[in-house]
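One structure below.
The values are calculated or read from the model by the stated rules, or taken from the named source; none is laboratory data. This one's a predicted model, so the numbers in the text were calculated from it and none came from an experiment. Glycine gets a Cβ as well: all are built from the backbone with ideal geometry, and neighbour counts include every protein chain shown. For the accessible areas, the whole protein counts, side chains as well, though only heavy atoms, and no ligand, DNA or RNA atoms are used. Shrake-Rupley method; radii C 1.70, N 1.55, O 1.52, S 1.80 Å.
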Amino acid sequence: MKRHRALLSLGLLIGSMTAVGAADLWYCSNTDLLQVDQGAGIVVGALPGGGVGFAVAADGGVWVASRDEARLRRFAADGALLLDLVTLAPLQGLAVARDGSVWATRPTLNDVWHVASDGADLGSVPVGNVPYGIAIDRDARVWVANSFGNSVTRIDSLTGATLEIAVGFFPSHLVAAPDGTIWIAEKESVRQLAADGSLLTEIPAGGFPLGITVARSGEVWVANQNTHDVTVFAADGTPLATIPTGQKPRGIAAAGDGSVYVLCRLGGEVRHYAADGAPLSSILATYPDGLGDLTGLTYALSVDPLGDADGDGTGNEAEASLGFDPLSALSSPSSFIRGDADRNGTVEFLDAFRTLEELFGSTSPGAGPPTTCPESLDVNDDGSLDLADPVYLIGFLAGAGPQPLAPFPTAGPDPFPALGYPCLD
Ligand SMILES: [Ca+2]
Ligand SMILES: [Ca+2]
Ligand SMILES: [Ca+2]
Ligand SMILES: [Ca+2]
């Protein structure tokens, strides 16, 4: 999903709105690799043996574990095949770490394989019985669901130390939430663990949940394959909603814009839901499947919250918390320095005069057009533009008062955009 800022700026300059980045969603159907891009499902590559575990990389490409072959493939954002590795054993779940390496469960070997971003073998770590789903938390710990072992193994990727935690019957997939907790889909329940492995929440589930994802809002969405629906939980485990889907929903992935995709394996469709659960669209596919981070949002918010996946200048976590899409440079909060009325990058006395002109409507020959970022003039950030703002600024510049409120002295987004004024550019 990474969109390089320079490329995007150039694209805008030449009037092209063609996205520089990648898919909104990766998935497979039989032996095809597909992307959903701008609402359409497009075949972009071949997946001999099908696909099971997916993990989007920082560059918007994707790693895919083959379903029927002992293979790991790496595709670029445009679907070009970059790596095709024959592996020692079949792989199941995949997760990308902040350093670009990949962790993969090997159910037949009862271990987790660690692979460098260039495909080099980095060794393996023994886990419990028949490992399936895998996730990486914000502190670089790797979590593995041991499906036959009724346990979860937590691996410290820096020291290699492991901790095995007993959970419910048949844990399959799990996801690391941005708040550092771990959510696990089990055969008959959904469970939330704290980062230390202690139990926070256990919720009975009758629909054999398998796919699980955390939406941008922090809500947890679980795909119930036997009841053909999705259940939504608040971050504290409070059940919020049950939403009907197509037949056999399995893979599920939250997108950066707040929406959620559900792969209805036997229903022949990818369902797309708004953040509030309202159906948005249905994209036809023969046999849509794929489990794991299919959009890159889990990577952006849980693995690399301080990174800037779309290169728009605002970090992933900060951007999501302001309600913008951390995976799209086309959805970005404006960046400004509070007090920099003329937007030239420094705060000086001229800005105090510019602020006075804005406030009192100067018609002097040197006055520019009205500012498109009135929030930058609210130097004391009290949600009111008045004489107190230039007075505050002059006080600061004269060394007699406090500095403008954030963002200052470096540019950034408005930390409280719901209050005060807009900044439109
Ligand atoms: Ca960003
Ligand atoms: Ca963005
Ligand atoms: Ca200035
Ligand atoms: Ca003010």
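What size of dipole, in debye to the nearest 20, comes out for the chain about its Cα centre when the only charges are +1 on Lys and Arg C-beta atoms and -1 on Asp and Glu C-beta atoms?
Rounded to the nearest 20 debye, it is 1500 debye.
Going by Cα centres, segment 146-202 and segment 16-87 are how many Å apart?
27
When the accessible area of the chain is split by element with a 1.4 Å probe, what percent falls to carbon and sulfur?
On the chain, the fraction of accessible area on carbon and sulfur atoms equals 58 percent.
Based on the Cβ-Cβ distance from Thr31 to Gln247, what FRET efficiency comes out when R0 is 25 Å, to the nearest 0.05?
0.75
Sketch the reach of a paramagnetic label on Asp156 as a point 7 Å from Cα along Cα-to-Cβ, and name the residues of segment 93-113 whose backbone nitrogen lies under 14 Å away.
none
By the 4.7 Å beta carbon criterion, which cysteine residues of the chain come out unpaired?
Unpaired cysteines in the chain: Cys28, Cys264.
Starting from the Cα gyration tensor of segment 178-321, take the square roots of the eigenvalues, sort them a ≥ b ≥ c, and report rounded, prolate or oblate (rounded when a/c is under 1.5, otherwise prolate if a/b is larger than b/c, else oblate).
Verdict is oblate for segment 178-321.
How much FRET efficiency would the formula 1/(1 + (r/R0)^6) give for Leu122 and Asp382, where r is the Cβ-Cβ distance and R0 is 41 Å, rounded to 0.05?
So, using R0 = 41 Å, E works out to roughly 0.20.
Give me the orientation-averaged projected area of the Cα convex hull of segment 21-321, in nm², one decimal.
Averaged projected area of segment 21-321's Cα convex hull equals 12.9 nm².
Would you please state which residues of segment 61-98 a label at Ala46 would reach in this model, taking the label point 7 Å out along Cα→Cβ and a backbone N cut-off of under 17 Å?
Answer for this model: 66-76, 79-86.
Whats the longest run of the chain with zero chymotrypsin sites (Phe, Trp or Tyr not before Pro) that are DSSP loop and have at most 15 other Cβ atoms within 10 Å?
170-425
If we count every other residue with Cβ under 15 angstrom of Thr346's Cβ, Lys/Arg +1 and Asp/Glu -1, where does the sum land?
Every neighbour counted, the sum reads -1.
Could you give the accessible area per residue of segment 147-206, probe 1.4 Å, as a whole number in Å²?
Per residue, segment 147-206 has an accessible area of 41 Å².
Among rounded, prolate and oblate, which fits segment 238-370 when a ≥ b ≥ c are the square roots of the eigenvalues of its C-alpha gyration tensor, a/c under 1.5 means rounded, and a/b larger than b/c means prolate?
Prolate.
I need the calculated FRET efficiency for the pair Ala398 and Ser331, taking r as the beta carbon distance and R₀ as 51 Å, to the nearest 0.05.
The value I calculate is 0.80.
Modelled label-to-label distance, Asn226 and Phe169, 7 Å Cα→beta-carbon offset: nm?
0.9
Quick one: if you stick a label point 7 Å off each Cα along the C-beta vector at Asp68 and Ala411, how many nm between them?
5.3
Give me the net charge of Pro305's neighbourhood, meaning all other residues with Cβ under 13 Å from the Cβ of Pro305; Lys, Arg count +1, Asp, Glu -1.
Taking every Cβ under 13 Å from that of Pro305, the sum is -4.
When each pair of different Cα atoms in segment 334-425 is counted once in the 1/r mean, what is the Kirkwood radius in angstroms, to one decimal?
About 12.9 Å for segment 334-425.
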